[in-house]
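A quick write-up on the structure given underneath.
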Amino acid sequence: MATPSSYRPAPGSIPTDPGVYRFRDAKGRVIYVGKAKSLRPRLSSYFQDIANLHPRTASMVTTGASVEWTVVKTEVEALQLEYSWIKEFDPRFNVKYRDDKSYPWLAVTVGEEFPRVMVGRGAKRKGTRYFGPYGHAWAIRETVDLLLRVFPMRSCSNGVFKRSSQIGRPCLLGYIDKCAAPCVGNVTAEEHRRIVDDFCDFMAGNTNAFVRRIEREMYAASEAMDFEKAARLRDDLGAMRKALEKQAVVLGDGTDADVIALAEDPLEVAVQIFYVRGGRIRGQRGWVADRSDDSDTAGLVQEFLLQLYGGVAAEDDASAIPREVLVPALPPDAAVLEDLLSDIRGSRVAIRVPQRGDKKALQETVASNAGQSLMLHKTKRASDLTTRNRALEEIQKALGLDEVPLRIECYDVSNLQGTEVVASMVVFEDGLARKGEYRRFVIRGEDGSDADGQVGQNDVAHMHQVITRRFRRLLDEQARSQAVSTESGPMLVDPETGRPRKFAYAPGLVVVDGGPPQVAAAQQALTELGIDDIPVCGLAKRLEEVWLPDEEDPVIMARSSEGLYLLQRVRDEAHRFAITHHRSRRSKTMVESMLDDVPGLGEVRRKTLLKHFGSLKKLREADAAEIALVPGIGPRTAASIKEAVAAAATTRKTGSPRVNTATGEIEED
């Protein structure tokens, strides 16, 4: 591992001009490419104290062995050069977006003498105009089949076209009027080209002109008593409208835009894009990428836009860039990117964040798709048996365990300013969640009574208590099973119910949500109980570091490690389970405390009220008449309850926000 100071450029040698820089490793391979408005401050920031750098950045500079740069005149040139180098060198520390599936394109080979329409996948080719991509190949094939009766252009392969030319007889599509049959000279190359141009204009969104033209021709044929032609045009019009129905209007102003949204977690990012042309969604595409640096959402958007549009000019398809690009966050160099895209398109391109209306709603839909894509990606990754086995083996190797941890238990503590402190235990066996084994804990005070809101915020003490209670129960269960053990060993199944004894299984690994203090507390609890054969580790959320007891330095697992991914998933599930329990208890407590001063409303009626409405939100929305329908609640008491709820809501709105100190989240009631 190199020391950054060993290859740090001499003071004053780095220019202050805009430019692009490359970090290389000891073997000369480019590992990172970046750009800067001013090279000197940007490069100098990499050579500060490593402790102040983000872990991914620190990993990059310690992997590197040299740095070099190229000065350019403008920031637009810097963007172009950055894209070229990323494409050429494929640096390991740059974010690389890859398709989460192979999407079909509608392609028209406009570079040929007799252009052909076809559905294909993969990389684009020169001399071909593309539409889409689309979600399903069958959907676009149905659309093309409908439109061929209106725009009878060639759709056959080169082999079929040549064979028909040689025998002087068109293929079946020529006989059923879904091809103008240029192969046998039914139309000239110029006439066929006009058909192709009309088809491309229709697919590009210029639909109204064609619909109106067909309508005029249909009515004219009807007035001229040419009913066969009128019927044919009527069918053509129906085919066009049916094709248009498959593409619903989402933006009434006929906007051309690419709508982009991201879904992120600390290790991966999913991107979805909807292609909107003429106000209609023409296609959809998705990518998933490993996060290799410390970029925020705005930085990820900039990297994505550069990779998405950077190669458009080289592919001679500038029409792929719309007039408007809608993003979740403006990239740091939005103005420079706009200039670059405008140069490629040949007209002005705007990059905006939608604030309201149809565009905002559409981006929320795209964001939902991105979230689903990321979840599906993780589900596929987690459900693969080979991947799970590799993850468990990586954890065993990284933590130095004697055996593969087939059963992993993870613990998390949740509280709100020391009130309603709860903890969760989740269980993963063979890398899969065992939700039937999940457990919840209510943290108790020093006297052993239930928390009364004054327990405090000592997460370390809470973790010690939870681990002590869980593994004291393990020892008790083991003692019981030993007492009724058979020749085959202790009984882990209750002989009366046939079900596994709760807490009777010892985990292969205990994971706690936190760093060294929480790990030390968990280890101390096990030691006090005389348990020395269950390993403990902690996963710190901010930096994704794995901590072991009595170790000064964390275990750094590879960012793309399946083992780290499994630990992260276990930790996140424990956090979710704890938060859910905490919010449930807090909601009940708030209802009870809010109604303490209502005359004639005791504990039994409060519980009946909560059971009837199910949640504090529904109670707030109910009027006095609805509250009076609850058994035991009269009209006068219902009016008092409604006043108390309204007063509490006013206090909540004007008061300070509720912050979950365990997660940093602002809690909504």
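Below is a table of values for the structure above.
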read-out: So Arg439, is it charged (D, E, K, R), over 32 Å from the mean Cα position of the chain (by Cα) and modelled with pLDDT of 75 or more; value: no
read-out: Counted residues, region 28-44 - those being free of Cβ contacts under 8 Å to residues at least 24 places away in the same chain and buried (at least 21 other Cβ atoms within 10 Å of the Cβ); value: 0
read-out: Top-ranked residue of region 521-533 - restricted to ones that are without any contact (Cβ under 8 Å) to a residue 40 or more places away in the chain and either aliphatic (A, V, I, L, M) or part of a helix (DSSP H, G or I) (or both), ranked as most open to solvent (accessible area, probe 1.4 Å); value: Thr527
read-out: Residue match in region 89-103 (condition: of a type in the set (Val, Ile, Thr), part of a loop (DSSP other than H, G, I, E, B) and at pLDDT below 80); value: yes
read-out: Selection from region 335-378 of residues that are open to solvent by 60 Å² or more (accessible area, probe 1.4 Å) and assigned to a helix (DSSP H, G or I); value: Ala335, Asp339, Asp343, Arg345, Asp358, Lys360, Glu364, Thr365, Ser368, Gln372, Met375, Leu376
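The values are calculated or read from the model by the stated rules, or taken from the named source; none is laboratory data. Keep in mind it's a predicted model, so treat the numbers as computed, not measured. Don't worry about glycine lacking a Cβ; one is built from the backbone with ideal geometry, like all the others, and counts go over all protein chains shown. SASA here: full protein model, heavy atoms, side chains in, ligands and nucleic acids out. Shrake-Rupley method; radii C 1.70, N 1.55, O 1.52, S 1.80 Å.
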